[in-house]
Amino acid sequence: MNKKKFIVFGKPSLDKEEIRAITEVLKSGWIGMGPKCEEFEKLFAEYVGAKYAVSVSSCTAALHLALLAAGVEPGDEVITTPLTFVATINAIEYCGAKPVLADIDPKSLNINPEFIRKAITKKTKAILPVHFGGLPCDMDSINAIAQEKGLAVIEDAAHAVGAEWRGVRIGGLKNSIACFSFYPNKNMTSIEGGMVTTDNAEIAEKIKIMRVHGMDNEAWKRYQGGKKLIHSEMVMPGFKYNLTDAQAAIGICQLKKLDKFQDKREEYAEIYDDYFSDVCDTQVGLSMDTDSAEFRIRHALHLYLILLKTEKMRKGREEILQEIRDEGIGATIHYLPVHMHRYYREKFGFKKGDFPVAEDAYQRMITLPLTPSMTLKDAKRVAETVKCIIVTNMK
Ligand SMILES: Cc1ncc(COP(=O)(O)O)c(C=O)c1O
C-alpha cells in the first residue's frame, strides 16, 4: 500500500486573506451581486487591459452570453476546436447554432487557422478559439480571417488568465470577446465564476442585461435607492447568470496573487520540461521554443500535458496513467475530443477519424498536476516518478 500523499490535480491556493474577505461580505448583510462584483470587474478589466469586464456565474455562462451578444442565432454556424471541454461546444448548442469543428495544430494543440478557413460557409457567424491549456491561439491569423469574412471572435479563455499574445494579455485583444473561468481548479478561482471582457460598450451592456433575467436594472441597484422604490423592466428574456459578492471577494484576493501563482507555475513547468523533453512531447516545450520570442507569448500553464511517444512504449496510455495514479499522483486527461461524445456523435454524425490530429493527441496525452498549491518537493516527486514510469515502460 502506497502511503505517500496523493497530489491532487488542480488544488486551489486559498488562505487567510480569502477567509477574511468572504467573512467580511457575509457580515456586511449584502451577499448577492453588488459592490464587490463591481470592484472585481474593475480590477479584472484593468488587469487584462480591456475597457469592460462583466462578471458572471461561470465561463459556460460567459460563452453563452458572449455568443448571443455577438448575434449568434439558430441556423448559424460557429467554428471551434475538437480539443476542448464540452462547455465550449455546449454554449454553441444553447444558442441553437451548429458547432463546426476545425482540427488542431499538432504542436500547440490549438485550433489550426488553415482548417478554420476551410470550415467557413455562408452560415458561419463566429469563430470560437480556445486557448488550450493556457497557450494563446494564433490570434493574428484568426483575427485576419474574421475580419476578411466579417465574423465575430469569441475567445474561450477558461485556461488563459494571465496569458499573453504579442505582449497583450488575453482578454485585452481588440475586436474579440474573451470568456474566463474561475472554477476551483483554474489559475485563479472565485469558487465558481466567470468573466467576459470586451472593448465594445454595446456588447458589455447586452451581457449585463442578459445575466440578470433581462432586467434593465440590477437588483442591488434597485435596493440602493433606500426608501425610494426603483422600478425595473424586463427588456428581453434573460438568464440567471450573475456572480455574487461572496464569490467576487475571493476572486479579488486571487487576482492580486495571480502573478505570484504564475511564477510558481513557470518554475515547476521548467522542471517538468527538463525531465520530459527527451522522452515525450510537451505542449509547453513544443510551443515555447519556437514561437514565443517572435510572438511574445506567455503561456498561462493552466495545464501541463505530456504526449507519450506511444509507438516507443510497451504499454498504452491508460495503463501508464493508472501506474502514475497508483503512485499517488493525480494525473488526468484533457480531453476526450468533443466530437467523440455520444450526444454530438448522434446529433451531428461526427465519428472517429474526423479530426485525426486531435484524436492522436488524445490517445497520447497525460495531464500532470501543476499548481502553485504544490511544493517544490511535490513538483520534483511528480517529475521523477512519472519519468521513471515512462522510462521503465519504453521498448
Ligand atoms: C476550455 C473550457 N471552457 C469552458 C469551461 C467552463 O468553465 P466553467 O466551469 O467556469 O463554466 C471550462 C471548464 O473547465 C474549460 O476547460
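Here's the yes/no breakdown for (1) exposed (fewer than 15 other Cβ atoms within 10 Å of the Cβ); (2) in the same structural domain as Leu173 (by TED's automatic domain parsing); (3) at pLDDT 95 or above; (4) hydroxyl-bearing (Ser, Thr, Tyr):
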site	(1), (2), (3), (4)
Met288	no, no, no, no
Phe295	no, no, no, no
Ile324	no, no, yes, no
Glu327	no, no, yes, no
Gly330	no, no, yes, no
Val338	no, no, yes, no
Tyr344	no, no, yes, yes
Arg364	no, no, yes, no
Thr367	no, no, yes, yes
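Taking Arg325, is it free of Cβ contacts under 8 Å to residues at least 24 places away in the same chain, within 25 Å of Pro372 (Cβ to Cβ) and not polar (S, T, N, Q)?
yes
Condition check ((1) touching a residue at least 12 places away in the same chain (Cβ under 8 Å); (2) among the hydrophobic types (A, V, I, L, M, F, W, C)) across all residues:
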| position | (1), (2) |
| --- | --- |
| Gly316 | no, no |
| Ile333 | yes, yes |
| Pro337 | yes, no |
| Arg345 | no, no |
| Phe348 | yes, yes |
| Ala383 | yes, yes |
When residues of region 157-183 are limited to those that are small (Gly, Ala, Ser) and under 19 Å from Ala204 (Cβ atoms), the one surrounded by the fewest Cβ atoms within 10 Å (Cβ to Cβ): Gly172
Is there a residue in region 200-211 that is at pLDDT below 95 and not in a helix (DSSP H, G or I)? no
Output for region 71-88, where each listed residue is aliphatic (A, V, I, L, M) and buried (at least 24 other Cβ atoms within 10 Å of the Cβ): Val72, Val78, Ile79, Leu83
When you scan region 109-126, how many residues do you find that are β-branched (Val, Ile, Thr) and either closer than 27 Å to Ile366 by Cα or surrounded by fewer than 17 Cβ atoms within 10 Å (Cβ to Cβ) (or both)? 3
What number goes with the only condition from (1) over 27 Å from Asp156 (Cβ atoms); (2) of a type in the set (Val, Ile, Thr); (3) crowded, with 19+ Cβ neighbours inside 10 Å that Thr23 does not pass? (3)
So for region 349-360 (the condition being of a type outside the set (Ser, Thr, Tyr), over 19 Å from Ile111 (Cα atoms) and touching a Lys or Arg at 6+ places or on another chain (Cβ under 7 Å)), does at least one residue qualify? no
Taking the stated definitions as given, is Ala102 free of Cβ contacts under 8 Å to residues at least 40 places away in the same chain, touching a Gly at 6+ places or on another chain (Cβ under 8 Å) and more than 17 Å from Gly194 (Cα to Cα)? no
Give the residues of region 188-206 that are within 14 Å of the ligand (Cβ to nearest atom) and closer than 18 Å to Pro129 by Cβ, sorted by residue number. Gly194, Met195, Val196
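What do you reckon, is Thr375 out of contact with any His (no Cβ under 8 Å at 6 or more places or on another chain), at pLDDT 95 or above, within 16 Å of the ligand (Cβ to nearest atom) and not aromatic (Phe, Trp, Tyr)?
Spelling it out, it is not the case that Thr375 is out of contact with any His (no Cβ under 8 Å at 6 or more places or on another chain), at pLDDT 95 or above, within 16 Å of the ligand (Cβ to nearest atom) and not aromatic (Phe, Trp, Tyr).
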Output the number of the condition that Phe6 fails; it satisfies all remaining conditions of (1) among the aromatic types (Phe, Trp, Tyr); (2) away from the ligand (no atom under 16 Å from the Cβ); (3) touching a Pro at 6+ places or on another chain (Cβ under 8 Å). (3)
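The values are calculated or read from the model by the stated rules, or taken from the named source; none is laboratory data. Here the structure is a predicted model, which is why all the values come from computation and not from measurement. FYI the Cβ positions are ideal-geometry reconstructions off the backbone, even for glycines, and counts take in every protein chain you see.
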